[in-house]
1. Working only within the stretch B:265-280, note down all residues that are surrounded by fewer than 19 Cβ atoms within 10 Å (Cβ to Cβ) and either in contact with a Lys or Arg (Cβ under 7 Å, 6 or more places away or on another chain) or hydrophobic (A, V, I, L, M, F, W, C) (or both).
2. Determine whether the stretch B:242-261 contains at least one residue that is under 23 Å from A:L274 (Cα atoms), hydrophobic (A, V, I, L, M, F, W, C) and within 21 Å of the chain's Cα centre (by Cα).
3. Here are some conditions: (1) assigned to a helix (DSSP H, G or I); (2) outside the structural domain of B:Q74 (by TED's automatic domain parsing); (3) farther than 30 Å from A:K293 by Cα. B:L229 meets all but one. Which one does it not meet?
4. Would a scan of the stretch B:298-305 turn up a residue that is at pLDDT 85 or above, surrounded by fewer than 16 Cβ atoms within 10 Å (Cβ to Cβ) and out of contact with any Ser or Thr (no Cβ under 6 Å at 6 or more places or on another chain)?
5. Tell me, please, whether a residue that is more than 7 Å from chain A (Cβ to nearest Cβ), surrounded by 15 or more Cβ atoms within 10 Å (Cβ to Cβ) and within 23 Å of A:G27 (Cα to Cα) can be found in the stretch B:242-253.
6. Looking at the structure I just gave you, is A:I65 surrounded by 16 or more Cβ atoms within 10 Å (Cβ to Cβ), under 30 Å from B:A167 (Cα atoms), of a type outside the set (D, E) and more than 10 Å from chain B (Cβ to nearest Cβ)?
Protein chains: 2
Amino acid sequence: MNSETIEALRAGNPRAVARAISAVERGGTEAREVIADIFRYTGRAHIIGVTGAPGTGKSTLVNEIAKHYRRRGQRVGIVAVDPTSPFSGGAILGDRLRMQDLSGDSGVFIRSMATRGALGGLATATADAVQVLDAAGFEIVLVETVGAGQNEVDIAKNAQTTMVVEAPGMGDDIQAIKAGIMEIADLLVVNKADHDEVSATVAALEMNLNLKPKVENDWRPPVLKTIALKGDGVADVVDWIGKHRQYLVEQNQLASRDYARFRGELERVVQRELMSRVMRGVNGTKVDALIEKIASREIDVYQAAETLIGKES
Amino acid sequence: MNSETIEALRAGNPRAVARAISAVERGGTEAREVIADIFRYTGRAHIIGVTGAPGTGKSTLVNEIAKHYRRRGQRVGIVAVDPTSPFSGGAILGDRLRMQDLSGDSGVFIRSMATRGALGGLATATADAVQVLDAAGFEIVLVETVGAGQNEVDIAKNAQTTMVVEAPGMGDDIQAIKAGIMEIADLLVVNKADHDEVSATVAALEMNLNLKPKVENDWRPPVLKTIALKGDGVADVVDWIGKHRQYLVEQNQLASRDYARFRGELERVVQRELMSRVMRGVNGTKVDALIEKIASREIDVYQAAETLIGKES
């Protein structure tokens, strides 16, 4: 980017931000250039990951949290990641509604990201978009992900504070009870707290937290209740985000979170780059011929992989 | 494996099957050896992917489908994949309940697979477990995945028939309406059809299917209603699985599904192998030093990646 564009981006100009995020979404050289230009200006935003199953109302909750920060005068960036959708750039219905709700406020920037088919592409594009928002002076960056798969866990891990949203009465599969999710949660939020079964859900979460061996100075995730549609409990959530950040600072844990975040990003970039080099270096006919041999059970995938990249030396 | 173990596995001996799946879960050389030994015996099973958000009741549905096939005398393998859980081997509560339900029937083999932390490891282990069950003579292999993320889509894609399970009244996020999921569905099942809002869910799904441009001989996914807890509608689902298989055979599409499946597997294996070679070749101190430079904003992740694997020649 030229220095004028970089300045516009740093000043939070919505068009400059939108263009930079589109560039990181396209990946490749474009993403590299944007990140090379802006990375030095990052490191000030507090990054909040929000994950939860469909139907928990987490989009509404994220909106309310954003409004709350706005009332405090803080600028808020939202990256809504939907790994199940091939669309991006706000094409999803929920995001269009959301845009209406928060639009006209230049202190809020909202962007939807969606599956791009690339290997590991979405997580990298999301991390890069967060960097863009950070460099653009958004003090709070909310990264919202649908679902509970490994991708979403990876995306949420790239946050400094991770919030897992539950809703009562979603059946046996209380998502956060699954250890993989419990482990990443810094805050547990039971939304739709006006529904039945809310105390059962809260109790199940608390019980699960109690199973964990107590370690001194360890953070114990609070279990919070919200009714996002009415804004109830949102102030409490925002307070707890602040407490968690404070905890990270006091325990010198911001650095270790950053380490984990950057290590994950580095591994993803290396992995994708290596893959694309192999695939560019091999002609399509050869790959097709190998797959035909697999389909006829002549060789298996591991043998085919060895043919492509050689036996380990 | 020695020839005796291979014979035991081909005869469906549960212990031999369990051991082989544990070996493919551990990955590496062990997985390679098992697959090299058994891959030639695969290609007979019909592989059915079942995906859906938490709370849709898909585990119950999968159980009922399994029972139905058992009544027809067919042998059924179930791989339950939970990308959010670090446990495997049936440690998940739902699976223990399930085991009780179907246990004592040697015509059914059930295995839970969970996140193994490895890059792309779960999808590869799942694909390999399916091969083991196929080689062990299970005519029907059901692969059940939680959630709706890219991982789950990848796992479901490795099937010949993919079923997406919805439940009414899960809020705005009707999972299958998200195009990424609609696209992979061969069958849409609305479970818990005794609940309110079931006709709204069915109508939304049908409407979405109508949006798709009609192509001659294209498969139109049926929208089926079930009450899995009572077994209602399950016979219909099994019939439609049969119709879909018939369609794939008549349209010569089994081969193209296999092509996509094996290509995906090959890419995953290549990707992971390359990554592990790089990470083994670089000492930890170097990686740590690079991440420190990222954290201090001296270099960005792309520049760090280039340092690790060199600029493209």
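The values are calculated or read from the model by the stated rules, or taken from the named source; none is laboratory data. What you see is a predicted model, and the numbers here were worked out from it, not measured in a lab. Using ideal geometry, Cβ is built from the backbone for each residue, glycine included, and neighbour counts are taken over all protein chains shown.
1. Those that are surrounded by fewer than 19 Cβ atoms within 10 Å (Cβ to Cβ) and either in contact with a Lys or Arg (Cβ under 7 Å, 6 or more places away or on another chain) or hydrophobic (A, V, I, L, M, F, W, C) (or both): B:V278, B:M279.
2. yes
3. (2)
4. yes
5. no
6. So A:I65 fits the description; yes.
Each row is one residue, and each column tells you yes or no for (1) touching a Gly at 6+ places or on another chain (Cβ under 8 Å); (2) among the acidic types (D, E); (3) buried (at least 19 other Cβ atoms within 10 Å of the Cβ).
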site	(1), (2), (3)
A:K212	no, no, no
A:V215	no, no, no
A:T226	yes, no, yes
A:L229	yes, no, no
A:A235	no, no, no
A:A255	no, no, no
A:Y259	no, no, no
A:N283	no, no, no
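To keep it simple, each residue is scored yes or no on (1) surrounded by fewer than 20 Cβ atoms within 10 Å (Cβ to Cβ); (2) away from chain B (no Cβ under 14 Å); (3) of a type outside the set (A, V, I, L, M).
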{"site": "A:E4", "(1), (2), (3)": "yes, yes, yes"}
{"site": "A:L9", "(1), (2), (3)": "no, yes, no"}
{"site": "A:N13", "(1), (2), (3)": "yes, yes, yes"}
{"site": "A:V24", "(1), (2), (3)": "no, no, no"}
{"site": "A:T29", "(1), (2), (3)": "yes, no, yes"}
{"site": "A:T42", "(1), (2), (3)": "yes, no, yes"}
{"site": "A:P54", "(1), (2), (3)": "no, no, yes"}
{"site": "A:K58", "(1), (2), (3)": "no, no, yes"}
